[in-house]
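Q: Have a look at this one before I ask anything.
The values are calculated or read from the model by the stated rules, or taken from the named source; none is laboratory data. As the structure is a prediction and not an experimental result, all values here were calculated from the model. Every residue, glycine among them, receives a Cβ derived from its backbone with ideal geometry; neighbour counts consider all protein chains shown.
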């Protein structure tokens, strides 16, 4: 007889969820392997590096992507010190800018 399956609940905060969602795309943009463990500040650094890659390009759509990533960095940085609904708001805004930046590059 087998034991009943055990369910493990893992609580993932919004910042971590956002990081997991976009790390692979940003790593591909940077030509890197996606990191297995990345901190919030490490993720912000990755977004900044992608922002600079796009900012150095002479293509309008990549310049727009760089601007979107710049906005995302601002919201992510603010979210580090906020709590509750203010933090959720900044992370939602960052997610929108990250998504738009990545879609713009495709």
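Q: Of the conditions (1) free of Cβ contacts under 8 Å to residues at least 12 places away in the same chain; (2) part of a helix (DSSP H, G or I); (3) more than 13 Å from residue 22 (Cα to Cα), residue 96 satisfies every one except a single condition; which number is it?
A: It fails just one condition, (3).
Q: Please go through the stretch 78-89 and pick out each residue that is surrounded by 16 or more Cβ atoms within 10 Å (Cβ to Cβ) and more than 13 Å from residue 18 (Cβ to Cβ).
A: The one that is surrounded by 16 or more Cβ atoms within 10 Å (Cβ to Cβ) and more than 13 Å from residue 18 (Cβ to Cβ): 78.
Q: I need the full set of residues from the stretch 81-102 which are touching a helix residue (DSSP H, G or I) at 6+ places or on another chain (Cβ under 8 Å) and at pLDDT below 90, in order please.
A: Scanning the stretch 81-102 gives a single hit, 82.
Q: While we're on this one: Can you spot a residue in the stretch 1-15 that is under 16 Å from residue 96 (Cα atoms), in contact with a helix residue (DSSP H, G or I) (Cβ under 9 Å, 6 or more places away or on another chain) and modelled with pLDDT under 90?
A: Yes - at least one qualifying residue is present in the stretch 1-15.
Q: Still on this structure, please answer the following. Say we look at the stretch 50-61 and pick out the residues that are farther than 17 Å from residue 95 by Cβ and in contact with a helix residue (DSSP H, G or I) (Cβ under 6 Å, 6 or more places away or on another chain); which of these is surrounded by the most Cβ atoms within 10 Å (Cβ to Cβ)? So that I can check it myself, show each step before the final result.
A: Start the filter on the stretch 50-61 by keeping residues that are farther than 17 Å from residue 95 by Cβ, which leaves 52-61.
Next, from what is left, pick out any that are in contact with a helix residue (DSSP H, G or I) (Cβ under 6 Å, 6 or more places away or on another chain): 54-55, 61.
Values: 54: 22, 55: 14, 61: 12.
Here the answer is 54.
Q: Run residue 87 past the list (1) outside any helix (DSSP H, G or I); (2) more than 13 Å from the chain's Cα centre (by Cα) and report the number of the one that doesn't hold.
A: Against the list (1) outside any helix (DSSP H, G or I); (2) more than 13 Å from the chain's Cα centre (by Cα), residue 87 comes up short only on (1).
Q: Further question on the same structure: Can you tell me how many residues in the stretch 27-45 are assigned to a helix (DSSP H, G or I), surrounded by 16 or more Cβ atoms within 10 Å (Cβ to Cβ) and either without any contact (Cβ under 8 Å) to a residue 60 or more places away in the chain or in contact with a strand residue (DSSP E or B) (Cβ under 7 Å, 6 or more places away or on another chain) (or both)? Full working, then the answer.
A: Kept after step one, since they are assigned to a helix (DSSP H, G or I), are these residues of the stretch 27-45: 27-30, 40-45.
Applying the additional criterion that residues be surrounded by 16 or more Cβ atoms within 10 Å (Cβ to Cβ) yields 27, 29, 40, 43-44.
Then drop every residue that is not either without any contact (Cβ under 8 Å) to a residue 60 or more places away in the chain or in contact with a strand residue (DSSP E or B) (Cβ under 7 Å, 6 or more places away or on another chain) (or both), which leaves 27, 40, 43-44.
Result for the stretch 27-45: 4.
Q: Please work out which one of (1) out of contact with any helix residue (DSSP H, G or I) (no Cβ under 8 Å at 6 or more places or on another chain); (2) in a helix (DSSP H, G or I) is the condition residue 77 fails and give its number.
A: All conditions are met except number (1).
Q: Regarding the stretch 62-69, can at least one residue be identified that is without any contact (Cβ under 8 Å) to a residue 24 or more places away in the chain, buried (at least 17 other Cβ atoms within 10 Å of the Cβ), outside any loop (DSSP other than H, G, I, E, B) and within 12 Å of the chain's Cα centre (by Cα)?
A: Checked the stretch 62-69: no residue is without any contact (Cβ under 8 Å) to a residue 24 or more places away in the chain, buried (at least 17 other Cβ atoms within 10 Å of the Cβ), outside any loop (DSSP other than H, G, I, E, B) and within 12 Å of the chain's Cα centre (by Cα).
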